[in-house]
Amino acid sequence: MTLMRWTPARELPTLPSEVWSMQREINRMFDNFFRGNAGEEALQMPSWDPAVDVAENDDAYVVKVELPGVNRNDVKIVVQDRQLTIRGEKKQEKDAREANYHRIERSYGAFQRTFTLPSGVKSDKIEAAYTDGILAVTLPKAEEARAKEIEVRVK
Amino acid sequence: MEKSIDVRDQQTNSDTAYDRCRIPAADVYETSDAFVLMLDLPGVVKEGISLIHEKGELKVRAVAAAGQPSDMKVLVREVRPATYSRTFTLGDGIDTESIDARFDSGVLTVKLLKSAASRSREITIN
């Protein structure tokens, strides 16, 4: 078993990633459109899904999330019932909120991504670092989950 | 009033890695004395950004640092490995001598001061 994205629309798992990114793009356009007309409340709604890369090696899983312009204190990483949730909020800067906007394409507001963890993750040893707009969460594998090399003698 | 920053998203011929180019999301807002341009460039280091002002255009190009180290096996890939590229056309109302740029947490912020003539100012009534 491997680290799984939690996707509410699990019945469509075979769609190529372009479809998902297109869906994200369309969602973003809708978000932007409605944010333009709605009041403060619209800003409170979970409004975007940051893009994620997941990779593994012998020692760990690494989840990288694109979070440009997010304050690290506004990010929460929670592990519960073998689910890893990364959530937070991207706030607009104060002087920008008063300003006259010509174009808003960047995502603001609450975001959340959830992953189901494989067994054999040392959940007490999870570490996270935020650099240059990327949050990297490292999930070390427990001893028994690591790939072992077994030599088989051919007779 | 004429809009003083316009965006040109067409790829130029010089973008050889056409399909690898990613157009970074941009916000443009106007204050009383400046236009502010904010671009999302996650995964880029400051040294990887080139910002060129030339012939009334502001060209931003950036290269994201290498993705996963080679010993990593990729399980999910949503982040496109990227060269970012975008060009903005600057109008007349900008003082091109004083363009200020800073990069923090994956966001490039470019402040373009308005030329004295195009600033809004309140006029005192005598």
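Each reported figure results from applying straightforward, stated rules to the coordinates on display, with no laboratory input. As the structure is a computational prediction, the values presented were derived from the model and not from experiment. So basically every Cβ, Gly included, is an ideal-geometry build from the backbone, and we count neighbours across all protein chains shown.
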Rounded to the nearest 0.05, FRET efficiency between A:Thr116 and B:Arg8 (Cβ-Cβ, R0 35 Å) equals 0.20
The answer for the net charge of residues other than A:Asp132 whose Cβ lies under 10 angstrom from its Cβ, with Lys and Arg +1 and Asp and Glu -1, is 0
Sequence order, segment B:109-126: Karplus ³J(HN,Hα) from phi using 6.51 cos²θ - 1.76 cosθ + 1.60, θ = phi - 60°, Hz rounded, Gly and Pro as x, gives 10, 10, 9, 10, 5, 6, 5, 3, 5, 9, 6, 8, 9, 8, 9, 5, 9, 7
